[in-house]
Amino acid sequence: MTKRHITFIVNPISGTHSKEQLPAFIDEMLDRGQWDWTVIHTEYAGHAAELARDSSARGDWACVAVGGDGTVNEVARSLTHSATALGIVPCGSGNGLARHLCLPMDMRKALAIINRGNVVQMDYGVINELPFFCTCGMGFDAFISLKFAEAGKRGPAAYVENVLKQGLKYKPQTYEVEDETGTRRYKAFLIACANASQYGNNAYIAPGATMTDGMLDVIIMEPFNALDAPQISIDLFAKTLANNSKIKTFRTKAVHIHRSQPGAIHYDGDPIVTGTDIDIHVEPSGIRILTNPDQGEDPGQPNPLLNAFSDFFNNINNVREDIERQGHRIQVLNKLLLRRIERMRN
């Protein structure tokens, strides 16, 4: 039997996971009767995309991104519309696509999934000619990407802290949103387009999104006040954002967005400054991805711990007028919220 070749592209500086044991784990977990492989480390920004293009041109059966969401995006965008499958060994701080695909965060277990060789043809998105595989967005979505990239700490608590602290300073813009049904005008805090369900760190911007329906989930978050912020943060982690009164959602194959002024957009968390017109569309079945045959995509069911936490917040919410009269409502709510999310962080 002819062996199939896999190239592992390792970002040595992504995330907080050590990758020194990767070669030993590959030897342990991959079947030498089926596979042979090469391990290559990136040396500079954009190197992963170059290495993945080479892998595809060689006709490799799979090219595996070993790193975080940025590494995954670089590798994946070089494999679109090719016969080479994308594999992921998640080693970043967010791991959005890996979590959506229910891939293990443990390196050995992720390699065991690759060894099983289950490939599914999946969708990806494009924003102003930039491919994305989880989410893209503008407004606060891109603004928080900049802040999160600058933050010294990562993880869900840091994300929520940025939402709570920075979100109340951000000034919403006016957007004209056009799809096949017509044009609508929104004043919005953010507009996100989701191919997969989450940003990473189990923060679910589109809990019902799937990568096999040929559609994008568009999420419009309307402006909100200080007391709305903790509940929105909870809804992100509890997979209940669609139930929030500040959220409007629809699905589409393509959308054109005109905004009142230039600014940042992001694709899979990487921010870039662009003009007032943004075009976003889906590329159906445009990439082959190694998936978990036992779980497939995240089913989007609520996390029981976070539902319990949401009930806790709602109890606090019932007495928030009393907290407001005491003059420290936000400090009390935020401290309680962040303390409990810190206990739940992965």
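The values are calculated or read from the model by the stated rules, or taken from the named source; none is laboratory data. None of the values given here were measured: they were computed from a predicted structure. Please note: Cβ atoms are built from the backbone with ideal geometry, for glycine as well, and neighbour counts cover all protein chains shown. Surface areas here come from the heavy atoms of the whole protein model, side chains and all, with no ligands, DNA or RNA. Shrake-Rupley method; radii C 1.70, N 1.55, O 1.52, S 1.80 Å.
Assorted remarks:
- Among (1) closer than 25 Å to residue 272 by Cβ; (2) polar (S, T, N, Q); (3) surrounded by fewer than 22 Cβ atoms within 10 Å (Cβ to Cβ), the one test that residue 14 misses: (3)
- Filtered by the rule that a residue be surrounded by fewer than 18 Cβ atoms within 10 Å (Cβ to Cβ) and small (Gly, Ala, Ser), region 20-72 gives 24, 33, 45, 46, 57, 59.
- Annotation: residue 137 fulfils all but one of (1) part of a strand (DSSP E or B); (2) out of contact with any Cys (no Cβ under 8 Å at 6 or more places or on another chain); (3) surrounded by 24 or more Cβ atoms within 10 Å (Cβ to Cβ); (4) not aromatic (Phe, Trp, Tyr); the unmet one is (2).
- Yes/no for residue 228 being among the acidic types (Asp, Glu), surrounded by 22 or more Cβ atoms within 10 Å (Cβ to Cβ), under 24 Å from residue 175 (Cα atoms) and without any contact (Cβ under 8 Å) to a residue 60 or more places away in the chain: no
- From the list 245, 285, the one residue that fits, being open to solvent by 20 Å² or more (accessible area, probe 1.4 Å) and in contact (Cβ under 8 Å) with a residue 40 or more places away in the chain, is 285.
- Among the residues of region 105-134, those that are more than 21 Å from residue 285 (Cβ to Cβ), touching a residue at least 60 places away in the same chain (Cβ under 8 Å) and outside any helix (DSSP H, G or I) comprise 105, 128.
- Per-region count, region 248-276, residues open to solvent by 10 Å² or more (accessible area, probe 1.4 Å), farther than 19 Å from residue 143 by Cβ and in a strand (DSSP E or B): 6
Matching residues to (1) closer than 16 Å to residue 45 by Cβ; (2) touching an Asp or Glu at 6+ places or on another chain (Cβ under 7 Å); (3) outside any helix (DSSP H, G or I):
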| residue | (1), (2), (3) |
| --- | --- |
| 60 | no, no, yes |
| 72 | yes, no, no |
| 82 | no, no, yes |
| 98 | no, no, no |
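- Subset of region 256-278 [touching a residue at least 60 places away in the same chain (Cβ under 8 Å) and among the polar types (S, T, N, Q)]: 260, 261, 274
- Only one entry of 229, 254 meets the criterion of being under 29 Å from residue 85 (Cβ atoms) and more than 19 Å from the chain's Cα centre (by Cα), and that entry is 254.
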